[in-house]
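Some notes on the structure that comes next.
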Amino acid sequence: MKPDVPVIIGYDAVSPLGIDLPTQWERALAGSSGISELTRFEYGPDFPVRIAGEAPDIDHLPYPFLKPREQARWPSPIYKYALLTVQRALERSGLEITPEIARRTAITYSSAVGGLDAVLEADRGLREAHKLPPPVTNPNSCINMVGGMISIMTKATGPIAATITACATGATSLAMGALLLAQNLADVVICGAVDFPLVAPIVAGFATMNGAYQPKTGEPQGPPRAASRPFARHRRGFVVSEGAGCILLARCSFAERNGLAYRTALAGWSMTSDAHHYVAPNPVTVERCIRDSIARADLQPGDVQAVNAHATATRVGDKVEADALNAVFDGEIPPITANKSLFGHAMGASSAIEIIFALEGMAHGCLPPTLNYAEDPDLGLASVVDQQQRLDQTHVLKNAFGFGGCNTCILFRRLK
């Protein structure tokens, strides 16, 4: 293998399925749902959304970096969850960012929504109590501050960038990390994404644009676990959720030189822009993104053993992804998993968490089920995995598509 091939040396996530990664993976394989009643804020009987994927509280965990006083200065939850996943990913990898390594350590960890909750809280105080915003309000709302805080915690001083591509942000952070490695601007990159969008106007806004799940008029709400239905004929939109995921990407030569274990490589990736519509995807550029990611890995579609789909459970989005997969794989699509059925749609963090689930699946030779699946004949998908499935996976495709027509697809290769 070439010494500059990007490899995965560590990762960690927090999602509605749990705090620690082994628990989340076990629950995913068991088909457990992380979706429940919405409790993040108070709402009246006319509020259109009543369920969500809420991440567990982590305030009981020790924070070597964010002490209680520091946490008070950074009230948006994106910071403590991002820092926790980075801290644990580094611990899992065994990488110590020494001053020498710090100069060649880049950061592309980002967010799609950022700390808008801090601005909204300050706005309420200003309007209702004529109270000026705290001095930390604006820094909390700067999306690039996620990477900035990671840099402060880790002392990494290499290139830093906020890879904001809406719901594809987590996947794009890896693609941009691979670019930095290829350009010899870094030896290791702290990638990933965090989002905590369960804020009243954001959630309601997704409902008014017919994105967030709502039952049919006149029908009961139903159990929360039955709401997220990717690729299903009765899909009704995505369940808004929250979470964070960190993936450490490094040059193969760097990993070997520093005694860091790895078993997966980022073999290929592609990014395209739809130039089409602010939310509706473009079938042409989506298909091209999938094809190019496979081709960049020097593979043919038949070499791919599994697909970790974007699959938000919207009518149009799932249809475009299904059509693109059918075109690329000529109707012979490998097994498909849709992790948003398990924990909802965590915006930019979704693709980061789903990448980690894909990596776990490759390591364990297993695919978690897609919950609530009922075949839609209009999609032509016969390979959606609706029960836990044993499967040896050497190559796995991950799709991620975002508002504004931001597409990122990644091809992973198992090495060991």
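Considering only Gly365, Thr137, Thr169, the residue lying farthest towards the positive end of the dipole of the chain is Thr137, judged by Cα position with unit charges set on Cβ.
Pairs from the list Lys155/Lys416; Lys319/Lys340; Lys67/Lys131; Lys340/Lys398; Lys67/Lys340 with a Cα-Cα gap above 21 Å: Lys155/Lys416; Lys67/Lys131; Lys67/Lys340.
Peptides 53-63, 308-318, ordered by how many other C-beta atoms sit within 10 Å of their residues on average, highest first, read 308-318, 53-63. Can you tell me, using C-alpha contacts under 8 Å and at least 6 residues apart, the relative contact order of region 267-414 as a whole percent? Relative contact order comes out at 36 percent. The modelled label-to-label distance between Glu96 and Asn138, using points 7 Å beyond Cα along the C-beta direction, is 4.0 nm.
For region 41-56, backbone phi angles converted through the Karplus equation (6.51, -1.76, 1.60; θ = phi - 60°) give residue-by-residue couplings of 8, 7, 8, x, x, 8, 5, x, 10, 10, 10, 6, x, 9, 6, x Hz, Gly and Pro being listed as x. Positive contributions from Lys and Arg (+1) and negative ones from Asp and Glu (-1), summed over other residues with Cβ under 11 Å from the Cβ of Ser351, come out at 0.
Counting only aspartates and glutamates at least 8 places from Lys80 when in the same chain, those with an alpha carbon closer than 16 Å to its own are Asp12, Asp20, Glu54, Asp57, Asp59, Glu70, Asp117, Asp195, Glu242.
Here the Debye sum runs over all C-alpha atoms of the chain as equal scatterers in vacuum, and log10 of I(q)/I(0) at q = 0.06, 0.09, 0.10 Å⁻¹ comes out as -0.22, -0.49, -0.62. Derived scalar couplings between HN and Hα for region 379-390 equal 8, x, 10, 9, 10, 5, 7, 9, 9, 3, 9, 6 Hz in order, rounded to whole Hz, by the Karplus curve 6.51 cos²θ - 1.76 cosθ + 1.60 (θ = phi - 60°), x for Gly and Pro. Taking the Cα centre of the chain as origin and assigning +1 to Lys and Arg Cβ atoms and -1 to Asp and Glu Cβ atoms, the resulting dipole is close to 600 debye. Full extension of the chain between Lys216 and Ala327 gives 36.8 nm of extra length, using 0.36 nm per residue less the Cα-Cα distance.
Rounded to 0.05, the FRET efficiency of the Ala182 and Leu126 pair, given R0 = 60 Å and the Cβ-Cβ distance, is 0.85. Ranked by the mean number of other Cβ atoms within 10 Å of their residues, highest first, the peptides 84-90, 152-158 come out as 84-90, 152-158. With contributions of -39500 (n - 2.57) from each DSSP H run of at least four residues, the per-residue ellipticity at 222 nm computed over the chain stands at -10000 deg cm²/dmol. Measuring nothing but how far apart in sequence close Cα pairs (under 8 Å, 6+ apart) lie, relative to its length, the chain scores a relative contact order of 24 percent. Between Lys67 and Tyr278, the modelled label-to-label distance comes to 4.5 nm, taking each label 7 Å out from Cα in the direction of the beta carbon. Couplings for region 170-180, taken from phi via the Karplus curve 6.51 cos²θ - 1.76 cosθ + 1.60 with θ = phi - 60°, read x, 5, 5, 4, 6, 4, 5, x, 5, 5, 4 Hz in order; Gly and Pro are left as x.
A short reminder: the numbers here are calculations on the coordinates, not readings from a lab. Keep in mind that what you see is a predicted model, and the values were worked out from it rather than measured. Every residue, glycine as well, gets a Cβ built from its backbone with ideal geometry; the counts of neighbours run over all protein chains shown.
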